[in-house]
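Scroll down for the structure; my scribbles are underneath it.
The values are calculated or read from the model by the stated rules, or taken from the named source; none is laboratory data. As the structure is a computational prediction, the values presented were derived from the model and not from experiment. No Cβ is skipped: glycine too gets one built from the backbone with ideal geometry, and neighbour counts run over all protein chains shown. Areas reflect the complete protein model, heavy atoms only, side chains present, ligands, DNA and RNA absent. Shrake-Rupley method; radii C 1.70, N 1.55, O 1.52, S 1.80 Å.
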Amino acid sequence: MVNPEEFIEKAVEEIKNQIDGKAMIALSGGVDSSVCTKLAYKAIGDKLNPIFVDTGLMRKNEVQQIKETFSDMNLEVIDARDQFIDELSGVTDPEEKRMIVGRKFIRIFEETAKELDVDYLIQGTIYPDRIESEGGIKSHHNVGGLPENIDFEGIVEPVRDLYKDEVREVARELGLPEEISERMPFPGPGLAVRIIGEVTRDKLNVLKEANAIVEEELEEEEDPWQAFAALLTKGTGVKGDQRVHGWIVSIRSVASRDGMTAKAMEIDWDKLKRIGNRVASELDEVSRVVYDITDKPPATIEYE
Ligand code: XMP
């Protein structure tokens, strides 16, 4: 395990030596890019251009949290919510949804890099990402991967030799909030892969609220690898004395070491019932809640 204090000192020195000009980093909301942003800011100050693309596919309050955490910097938040929703309109195929989000992200990233006229790109690649890419197991799938149409003078990867738990240690040492340092993995395509079928604003709004309840109830106590809500399809329910056709929300909570395999967690029945009741009663649009008991394999962790 690295000594976080020493690591920070050394990393800042290295970034100073590597970067001679303007640099850019795309924040994803995750711990890796957040740590790199803080380190790079310490090293090159306002020559760093952190950007954050608001896809509208992030969780409740996540964008606000990012704005607050990096408010001391020249953070550029690109509001692309309408663009993403428009491109996803009518699309139901899971792979196509992923491709659209990835491609759109790269296009926005490239445009911004050109506008800012930066020389260097900073990336939050960590050690396991490199091993996986080099071993050809799977391509490193941060949103969209690497832009191909820009020639950067250099790509700087400050946490390239760290494991995830080491990055978290460094994040704590840097004073990043717990929501970031202890953040559960979150997929690049965001909530788009937790909605079955077409992504719409209404579905996103319901899912964000349902997910906030699930995280609030499960994240701290159960210490899962991931705990979240997904939106399935519609089903009949009764609310008051009315029959309603509302959303079916699935709760997923899994234990895993690396995301390659996972076990559905055994949640105390009273607790599960409480979460289910909260989701179905606090959200008018939800008529039914189910708990996903499937391991990976055969299911994946995400829904699409
Ligand atoms: P699956 O759903 O394939 O997910 O069992 C395994 C782990 O990877 C995360 N995941 C992603 N992470 N971009 C990412 O950065 C993606 O496109 C992506 N898809 C899945 C997932 O949350 C889980 O931790």
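A few notes on this one:
- Among (1) more than 28 Å from Val156 (Cα to Cα); (2) free of Cβ contacts under 8 Å to residues at least 40 places away in the same chain - the single one Gly90 does not satisfy: (2)
- For the stretch 1-37, a residue qualifies if it is out of contact with any Asp or Glu (no Cβ under 8 Å at 6 or more places or on another chain), in a loop (DSSP other than H, G, I, E, B) and closer than 30 Å to Ile100 by Cα, and the qualifying residues are Ser28, Gly30.
- For beta carbons closer than 9 Å, sequence separation of 6+ or different chains, a first residue in the stretch 105-123 that is surrounded by fewer than 18 Cβ atoms within 10 Å (Cβ to Cβ) and a second that is among the aromatic types (Phe, Trp, Tyr), the qualifying pairs are Asp119/Phe152.
- Any hit, the stretch 38-49, residues being within 16 Å of the ligand (Cβ to nearest atom), assigned to a helix (DSSP H, G or I), touching a residue at least 40 places away in the same chain (Cβ under 8 Å) and not β-branched (Val, Ile, Thr): no
- Selection of the stretch 98-130 for residues being acidic (Asp, Glu), more than 18 Å from the chain's Cα centre (by Cα) and in a helix (DSSP H, G or I) yields Glu110, Glu111, Glu115.
- Residue in the stretch 272-295 that is within 15 Å of the ligand (Cβ to nearest atom) and closer than 22 Å to Leu57 by Cβ present: yes
- For the stretch 60-116, residues that are within 16 Å of the ligand (Cβ to nearest atom) and touching a strand residue (DSSP E or B) at 6+ places or on another chain (Cβ under 7 Å) total 2.
- Every pair of residues 6+ apart whose Cβ atoms lie under 9 Å, when the first sits in the stretch 176-203 and is closer than 23 Å to Ile8 by Cβ while the second is small (Gly, Ala, Ser) and near the ligand (Cβ under 9 Å from one of its atoms): Ile180/Gly30; Arg183/Gly30
- Being within 15 Å of the ligand (Cβ to nearest atom) and either of a type in the set (A, V, I, L, M, F, W, C) or under 17 Å from Phe228 (Cβ atoms) (or both) is a property that Asp258 lacks.
- Verdict on Ala299 being under 24 Å from Asp202 (Cβ atoms) and within 16 Å of the ligand (Cβ to nearest atom): no
- Candidate set: the stretch 60-97, residues that are assigned to a loop (DSSP other than H, G, I, E, B) and more than 21 Å from Phe109 (Cα to Cα); chosen: the one most open to solvent (accessible area, probe 1.4 Å): Asn61
- When Gln242 is tested against the conditions (1) under 18 Å from the mean Cα position of the chain (by Cα); (2) away from the ligand (no atom under 16 Å from the Cβ); (3) at pLDDT below 95, the lone failure is (1).
- Matching residues, the stretch 127-162, being at pLDDT below 70 and among the hydrophobic types (A, V, I, L, M, F, W, C): Ile137, Val143, Leu146
- Selection over the stretch 146-192 of residues that are small (Gly, Ala, Ser) and more than 16 Å from the ligand (Cβ to nearest atom) gives a count of 4.
- For the stretch 9-37, filtered to residues that are touching a helix residue (DSSP H, G or I) at 6+ places or on another chain (Cβ under 6 Å) and among the β-branched types (Val, Ile, Thr), the residue that is nearest to the ligand (Cβ to nearest atom) is Val31.
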